[in-house]
Amino acid sequence: MKNLISLISALIFSTLFYKQNIGLNLFLFSVLTSSILILKNPELTKNRSILLKIAAYLITGVMVYFYNSSLVILANLIAFFTLIGSVSEPKSSIYVNWINGIYTSIVSYFSRYYDRADLDDNNEKKKKIDYLYWSKIIGIPLALSLIFIALYRNGNPVFNDMVSKIDFSFINIQWIIFTGLGYYLFYNISHPITVETLTSNDLRIGNNLKEINLNKSKIQKVKKEKQLGLVLLVVLNLLILFFLATDIFYLTEIYQMTAPQLSDQVHNGVNALIISNVLAIVIILYFFRGELNFYNENKDLKKLTAIWIFLNLMVVFSTVLKNIEYMSSFGLTYKRIGVIFFLIATSIGLITTYIKVFKIKNLWFLFRQNLSLAFAILVISTTINWDKLITHYNINYADVVDYNYLINLSNNNTFMLKAYAEKNDINLNFQKRIDQKYENYIKDLKDNSWQEVVYDNSKIEK
């Protein structure tokens with residue numbers, strides 16, 4: 001049977017997800033999807049890029065089993081579309097992978113259907129379907145049969161009893177529709193397609209700037225632009241040096257700051273970074289957008305650009321130190337961890353901008369590289385149980401523990417909180433809330449079906 005694999009996969013899909021919460025089933029679905037893609041396209045095993053994306057997809061899937069968090073589920077969904085889009089066109093950029101992945105998952109069947117219809121129209125005229133004829137053939141006998149069944153039921157008690165015993169309750173329409181959706185999904189991902197114009201343009205546009213021949217009139221224009229760039233970068237470098245000097249003064253007094261002062265320093269530092277780094281990248285991209293890249297006398301401007309990028313990285317480092325001190329005193333939170341990830345992303349943006357300038361790359365290079373690195377960071381971040389890490393650090397190392405914050409985190413820290421509360425004297429109200437959280441979580445774990453099982457189920461079995 002041509003689509004037997006899709007049909008079997010649809011039945012497995014409905015078994016895994018029909019009226020089930022997310023747990024082990026999402027990992028099994030990840031394994032199933034990866035297996036089908038390789039089975040349908042054996043050549044994928046020779047493509048290193050696709051193998052890495054399969055690995056990323058499976059990593060996010062198994063992490064859902066170990067700690068079922070919204071971040072991991074989101075990462076798994078993004079990894080799914082990335083993988084499907086890569087199968088559609090392995091050489092396309094990651095953002096094109098996402099678009100092609102979504103496009104394939106939703107409309108592949110219809111796209112192929114209409115392509116076949118267009119092909120049939122070009123080869124031969126299709127016979128017209130006589131809809132009136134078929135409606136008579138099906139409709140009239142069906143209507144008359146229902147009428148006579150009603151009459152016979154009234155005229156014969158035995159016939160009425162037999163008809164009454166016919167039970168169609170075993171037919172679950174919702175399950176059938178759900179399984180149909182599963183079949184549709186697996187058919188689509190087994191027949192990947194692309195958004196043609198977007199994909200072809202992406203493959204056509206490289207990462208390098210096309211060399212521009214400079215005539216006399218262009219050289220004069222480039223000279224003036226270079227002079228403007230030199231003046232601007234000298235001023236900006238002096239300004240950022242002054243900022244760093246004053247920042248060093250604040251760093252020496254960081255241990256004497258109160259919580260509000262330290263919080264203001266971190267938040268103001270991050271806000272300053274957002275504006276300064278965006279402006280830095282925009283200014284650099286403006287000057288190195290075209291002719292100036294190929295001007296032989298642009299070395300001094302490039303040196304000033306490199307210095308400015310380095311000084312911006314120093315500002316990032318300074319903000320990291322403030323944030324670390326803030327976390328060591330008042331504990332970890334998602335916002336404080338988010339600041340670290342933002343600083344990493346900022347550093348990556350500055351480094352890729354440096355590469356763009358000195359390797360004469362175009363804007364597409366920045367876009368592609370930064371999105372790919374962002375995806376890699378997302379996948380790596382799923383391997384950490386953040387709720388458990390936050391709880392462990394705060395109860396063991398933070399000077400001040402915000403129990404209310406820890407209790408409101410997901411159930412991933414429930415066992416750790418329970419063990420801590422049993423060994424330490426804490427506020428009675430927090431004790432009761434931790435006990436309630438623990439009891440509710442245990443109940444949820446016991447109620448899990450095999451599809452919904454997570455790693456914590458093994459703990460209560462022990």
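Which residue is farthest from LEU285 (Cα to Cα), if the candidates are limited to region 207-241 and must be over 25 Å from the mean Cα position of the chain (by Cα) and not in a helix (DSSP H, G or I)?
Step by step, filter region 207-241, then rank; the result is ASN215.
Which of (1) within 36 Å of the chain's Cα centre (by Cα); (2) surrounded by 14 or more Cβ atoms within 10 Å (Cβ to Cβ); (3) hydrophobic (A, V, I, L, M, F, W, C); (4) at pLDDT below 85 is the odd one out, the single condition PHE288 does not satisfy?
All conditions pass for PHE288, except number (4).
So which residues in region 18-52 are outside any loop (DSSP other than H, G, I, E, B), of a type outside the set (A, V, I, L, M, F, W, C) and touching a residue at least 40 places away in the same chain (Cβ under 8 Å)?
The answer is ASN25, SER30, THR33, SER34, LYS40, SER49.
Let me confirm something: among LYS423, LYS359, which residue is surrounded by fewer than 18 Cβ atoms within 10 Å (Cβ to Cβ), out of contact with any strand residue (DSSP E or B) (no Cβ under 6 Å at 6 or more places or on another chain) and either touching a residue at least 60 places away in the same chain (Cβ under 8 Å) or more than 28 Å from TYR326 (Cα to Cα) (or both)?
Answer to the check: LYS359.
Tell me which residues, restricted to region 127-153, are at pLDDT 75 or above and of a type in the set (Ser, Thr, Tyr).
SER145
Listed here are the residues, each with its yes/no results for (1) modelled with pLDDT of 95 or more; (2) of a type in the set (Ser, Thr, Tyr); (3) surrounded by fewer than 18 Cβ atoms within 10 Å (Cβ to Cβ); (4) on the phi > 0 side of the Ramachandran plot.
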{"site": "ASN3", "(1), (2), (3), (4)": "no, no, yes, no"}
{"site": "SER6", "(1), (2), (3), (4)": "no, yes, no, no"}
{"site": "SER35", "(1), (2), (3), (4)": "no, yes, yes, no"}
{"site": "ILE38", "(1), (2), (3), (4)": "no, no, yes, no"}
{"site": "ASN41", "(1), (2), (3), (4)": "no, no, yes, no"}
{"site": "VAL62", "(1), (2), (3), (4)": "yes, no, no, no"}
{"site": "TYR67", "(1), (2), (3), (4)": "no, yes, no, no"}
{"site": "ASN76", "(1), (2), (3), (4)": "yes, no, no, no"}
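Please go through region 315-325 and pick out each residue that is under 14 Å from THR252 (Cα atoms) and not acidic (Asp, Glu).
SER318, THR319, LEU321, LYS322 - these are the residues of region 315-325 that are under 14 Å from THR252 (Cα atoms) and not acidic (Asp, Glu).
I want to confirm something. Restricting to region 377-401 and keeping residues that are without any contact (Cβ under 8 Å) to a residue 40 or more places away in the chain, hydrophobic (A, V, I, L, M, F, W, C) and assigned to a helix (DSSP H, G or I), which single residue is farthest from ALA75 (Cα to Cα)?
It comes out as ILE395.
Yes/no matrix, rows are residues, columns are (1) more than 20 Å from LYS221 (Cα to Cα); (2) in a helix (DSSP H, G or I); (3) modelled with pLDDT of 90 or more; (4) aliphatic (A, V, I, L, M):
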{"site": "PHE243", "(1), (2), (3), (4)": "yes, yes, no, no"}
{"site": "THR246", "(1), (2), (3), (4)": "yes, yes, no, no"}
{"site": "ASN268", "(1), (2), (3), (4)": "yes, yes, no, no"}
{"site": "ILE275", "(1), (2), (3), (4)": "yes, yes, no, yes"}
{"site": "ALA280", "(1), (2), (3), (4)": "yes, yes, no, yes"}
{"site": "ASN293", "(1), (2), (3), (4)": "no, yes, no, no"}
{"site": "ASN296", "(1), (2), (3), (4)": "no, no, no, no"}
{"site": "ILE307", "(1), (2), (3), (4)": "yes, yes, yes, yes"}
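Give the residue, chosen from TYR57, TYR18, TYR65, that is more than 18 Å from the chain's Cα centre (by Cα) and among the hydroxyl-bearing types (Ser, Thr, Tyr). Even if it seems obvious, please write down each step before you answer.
Working: TYR57 fails: more than 18 Å from the chain's Cα centre (by Cα); TYR65 fails: more than 18 Å from the chain's Cα centre (by Cα).
The conditions single out TYR18.
What single numbered condition from (1) surrounded by fewer than 10 Cβ atoms within 10 Å (Cβ to Cβ); (2) modelled with pLDDT of 65 or more fails to hold for ASN156?
Condition not satisfied by ASN156: (1).
Pull up region 312-352, narrow it to residues that are surrounded by 17 or more Cβ atoms within 10 Å (Cβ to Cβ) and under 22 Å from ARG289 (Cβ atoms), then point me to the one that is farthest from the chain's Cα centre (by Cα).
Top of the filtered list is ASN312.
Does at least one position in region 410-421 carry a residue that is among the β-branched types (Val, Ile, Thr) and over 22 Å from ILE73 (Cα atoms)? Full working, then the answer.
To start, the set of residues in region 410-421 that are among the β-branched types (Val, Ile, Thr) comprises 414.
Then keep just the ones that are over 22 Å from ILE73 (Cα atoms); that gives none.
Looking through region 410-421, none of the residues is among the β-branched types (Val, Ile, Thr) and over 22 Å from ILE73 (Cα atoms).
List every residue pair whose Cβ atoms lie under 6 Å apart, where the two residues are 6 or more positions apart in sequence or sit on different chains, the first residue falls within region 321-349 and is more than 20 Å from ILE380 (Cβ to Cβ), and the second residue, located anywhere, is acidic (Asp, Glu).
SER329/ASP399
Determine, yes or no, whether LEU409 is assigned to a helix (DSSP H, G or I) and free of Cβ contacts under 8 Å to residues at least 60 places away in the same chain.
no
The values are calculated or read from the model by the stated rules, or taken from the named source; none is laboratory data. The model shown is predicted, which means the values in this text are computed figures rather than measured ones. When we count neighbours, we look across all protein chains shown, and the Cβ atoms used for this are built from the backbone with ideal geometry, even at glycine.
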